Every structure is written in structure tokens, then in C-alpha cells.
1. What nm distance separates the two modelled labels at A:GLU266 and A:LEU55, each placed 7 Å from Cα along Cα→Cβ?
2. Give me the net charge for the shell around A:ASP63: Cβ to Cβ below 11 angstrom, other residues only, Lys and Arg +1, Asp and Glu -1.
3. From the gyration tensor of the Cα coordinates in the stretch A:243-307, what semi-axes in whole Å does the equivalent ellipsoid have, largest first, with each one equal to sqrt(5λ)?
4. Describe numerically, in nm with one decimal, the distance between label points set 7 Å from Cα along Cα→Cβ at B:VAL140 and at B:LEU66.
5. Once fully extended, how much extra length lies between A:ASP83 and A:LYS273, figured as 0.36 nm per residue of separation less the alpha-carbon to alpha-carbon distance?
6. Enter the mean number of other protein chain beta carbons within 10 Å of the beta carbon of each residue in B:3-12, as an integer.
7. Tell me the trypsin sites (Lys or Arg not before Pro) within the stretch A:256-304 that lie in a loop according to DSSP and have at most 16 other beta-carbon atoms within 10 Å.
8. For B:MET6, which sequence-distant residues (separation of 5 or more, or a different chain) have an amide H within less than 5 Å of its own amide H, given hydrogens modelled in the peptide plane?
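We did not get these values from a lab; they are worked out from the coordinates using the rules stated. Remember, it's a predicted structure, so these values are computed and weren't measured experimentally. Cβ atoms come from the backbone with ideal geometry, glycine included; neighbour counts cover every protein chain shown.
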Amino acid sequence: MARRISAVVSQGQSHNPRKRELEEELVTLLMMEPGIDAAVIPNLYDVKPDGTSALALQGVSGDVIVFSWLYERAARWTLDRLDVRGAEGVSTINAELDEDEEGDSEAGDSADEEKKSRVADDRPVPKRRIYCLELSAFESAAEFMVEVRRIQKELTTSVVSLGGLDDWVSPTAKPSPESLERFANPTNDTALGSNGTLQHAEGSNGFHASNGAAEPAVDVIRIDESADRRWYPVIDFGRCTNCMECIDFCLFGVYGIDGAETILVEQPDNCRKGCPACSRVCPENAIIFPQHKSPAIAGAPAEVGTLKIDLSRLFGAPDAVEQAARERDEQLVLAGRETVGLTVGIPKRQEENATESKDELDDLIDGLDELDI
Amino acid sequence: MLHFMMGEFEAEFPTDCRYAKNHMWASESGERIRFGFTAYAVRLLQDVYFLDWNFDAPATVSSRQLLGSIESKKAESDLFAPLAGELSEFNATLLNDPSAINVDKYGEGWLFEMAAEVDAQSELMTPSEYVSHLADVWEVTQRTIKGQLN
């Protein structure tokens, strides 16, 4: 059995009975699963930073699995906003898609531009892992439990390899299952955790169940804080380059700068409901509106369905900046202010010219063939 | 003919028609204006495989209204109205076999015909204006293609 893992189910915003049923079914299974401490919170995105749910999440120092109706990336960076950080646990639910996506982008990056520095590069994260699973992935809770057990196994294995048991035990004298188990799940409270810090025994790195730490939790922690629907941008700092185009563009004072001159969403509740304009002007596609209807803005992985170039922009589709300016004007009108169109805070992207030698067009277009469609 | 170099490819533009920003030529044919893809557009698309319109003609359209979509060997795109006006006819032969777009872009490969007010027509460019427009957008075009290959 693995170390205890906290599992959090973030409820959907809607009262869609099918969704609620899946959530409840999952909670029941998690509750009965050995090694899991389960909790239910309102929709993660709506949670207030100083509310009960946020405090409960921040109180968990061990590994966490978060189930939500948000895209994986949206959930991860919403947690980051709430000061809930950890290494990215990779789920097999989305693994295939992710690998493709990353493979493509890495190849592109290394081939033709030096790697840009991202805000997240300078931010250390705790070693514990956070897995964000999308509740839309499966129809039945049982399917999620397969993944939960896989994660439990993965975490146990990684503890052994990090802890170095197999370094000092000779290959012919493998540790017994019992000692592995004791190592993975220490019964004394002076054992060192995988990150080298003193770690108390069961339960104490997760939610505190009301029936004491000695017994496995059979209760589910339910946090019923009232969660009004919110609307604000979530920054993916793994993509953000701190270019400041969003703060220039937004005229509602949503963005601010922290002590280290890094962009942050300072006044999320100033954001205009339904308006995703800053997300459209972000050159790195780092701004997520998790509840927006367009998957690209809500944090979905890059579309993988098509490998052809989309020329719509060249053939007259309104470009993202134009659309963003239109959306911003609508909000300015609603707020009783003057429209500004394209006169304020328009990205200067067009100016920073990546000058290409003109003969490259053929290579570029032919490059598509090499993608082996 | 006017010319524009797309890398090593020389795109040709007849001087007896006008041009829309979305890379269509416009040629008066009686009361109507006939539109088709310019050599610039066709060079980017290469072999056209499929063309589809979202509605039947005749129809009143606004400027930059979505009309349909196109798929080629190398690309896909939505297609938009170059002007506001009355779209009177789509070139029906292209629906079964769009190859005329590649073979005879300024002739049999025409896309649709429209009737438009004189005011709306003023958005159309002269051949030399179009060629200088191409010079302006060429960098962006290359980046659009390149950006999507990454």
C-alpha cells in the first residue's frame, strides 16, 4: 500500500444530475479505498483564497489527486493561484494527447528559437505531486479508480527509488515486501519523507479526519462553503513570459505586479464576466478562463486533430487582437465607459520582426510533408 | 501583369481587375462582380481538394461574413465575404471538382459573383495597391505559416 493520498473532488458549477451522480459515486468509492483521504469542495475555480476550501487544500502537504470538471491545465494553475503547489503528477488519462503535444512543441522550440524563459522557471515547487484529473474523461467512477490505484502504485515506486533502498541492498538480496512496505509507509513518526523532511505517520500529511490518525479515515470531509460563481483569468506560469501585454490591454484593473515585478491577477473580481479578451492578446496563450466555452481559452491541450495550416486569418477572419478589442469595447459600454477600439494597449507583436530569408517559404510549406500526415 | 515574389515563386496579377484584402481578385461582369483567388492565395493553398459554402445563393452578406471553407493539400481555411452585398451565385462546377482553382485561377476557377453598392466597392484595391499590400503582409504571412509548424 502506498503512502496516504488526499483525493479532492471539486464539484461542477451546474446542478447537472449526471455530473452530480458521478461526483457522488466517485466520493463513495474514494472513501472506501484504502490509503485515500477523500474530501469534497465546491467548484475549485469559484473557491475564495481565504475560504475554508482553500485553507483545507493548503493544509495538505502530501500527494494530492484533484478531480474537477476543469481542464487539467486550468485546474493546476487555479490551484497554483490558491498557493497549492507541487510537482506535476502525470495522469495516463490524458497522457497520449500530452505526449504528442509536447513532442511537437519541443521539436519546434529547439529547432528555431532559443528557449524563452518562463515565469515558472524561477519558482521552486515542493516535491510532493499533484494530479489533476478531468471528470469529463470517463462516464463511470469505477474507471477513475483504476487511475487512482495506478497513481498509488506510482507514488510507492517513486518513494523506493528516491529513498535509495535499492542502492544499498545488493541486487541479489532484494528487500522483503514487508520492509518495502514499512519504508513506503513508516509506522514511526521520525521517518524521513521522500523530500528528506521529517514526516509524521499516516494521515498527518493529508486531511485530518475526525476519527483520529490511527484509524484509516472512513469519513469524507465535505466543505459546503457558499461558492458564488466567479470569473477571472488564471495565468499558466509555465507559459507566461512576463511580457505585460495583458496588463497593458485590460482596462479594468485586473492585473498587477508583485514585489519581484512579476505579473499577477491582483483584482480578479474586477474582471468582466464573460470577457476573455486578455486571453486572446496573450502571445503565449498563457491566460486561461476555465469556464469559457472555447476549449482553447478554457485551457484545453492544443488541438491535435488537424495537421494542416489554417489560413483563415490570411483570408479575412477577424484576428484575435481585433476580436479582443471588440469584446473589450462591449464591456466598456456595459460599464458605462467610452469605447477605445484598437487605440489602447494593443500588443506590439507585429513590430518585433522575426526576419526570415525569403526563400524559406518553400521549406516551410514542404516541412508539413515531413509531419507524416 | 504585375508581379510579387513569394520567396522564389513569382505570383502574377492581371491589371484588368481589382483586388480584395482577403486575397481575392474582383472583375466586373455585367451588373455583378466576379471574385476568385489570387495567385498569392493559390500559392499558399496549393492543390485544392475541397470547397464548401455554408448557404445557397442568392443571399445578402455583410463584409467579412463567413461564407464557407476550403481544404487543400497543405492548408485549410474559412472563407469570408470580401464586401457587403448580394451574393448572387457560387461557381457550381467547383463543388464537384475544385481543380480549376489551381489550373485557371483568373478564369474558370472563379468562386462567386456579387452585386455590391458603389460605396462598398471602394474597399477594393487597384493592382498596384494590392501588390504593395502584399509587401506589407508578407512577413506576417510567413510567420503565420511558420508559427503553426512549431
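1. Taking the two extended label points, one gets 2.8 nm.
2. +3
3. Three semi-axes, in Å: 23, 14, 10.
4. Distance between label points: 2.1 nm.
5. Here the segment from A:ASP83 to A:LYS273 would lengthen by 66.0 nm.
6. Per residue, the number of nearby Cβ atoms from other chains is 3 on average.
7. On the way: sites: A:ARG272, A:LYS273, A:ARG280, A:LYS293; in loops: A:ARG272, A:LYS273, A:LYS293.
Within the stretch A:256-304, the qualifying trypsin sites (Lys or Arg not before Pro) (loop, at most 16 other Cβ atoms within 10 Å) are A:LYS273, A:LYS293.
8. For B:MET6, whose amide H was placed from the backbone, the distant partners under 5 Å are B:ALA11.
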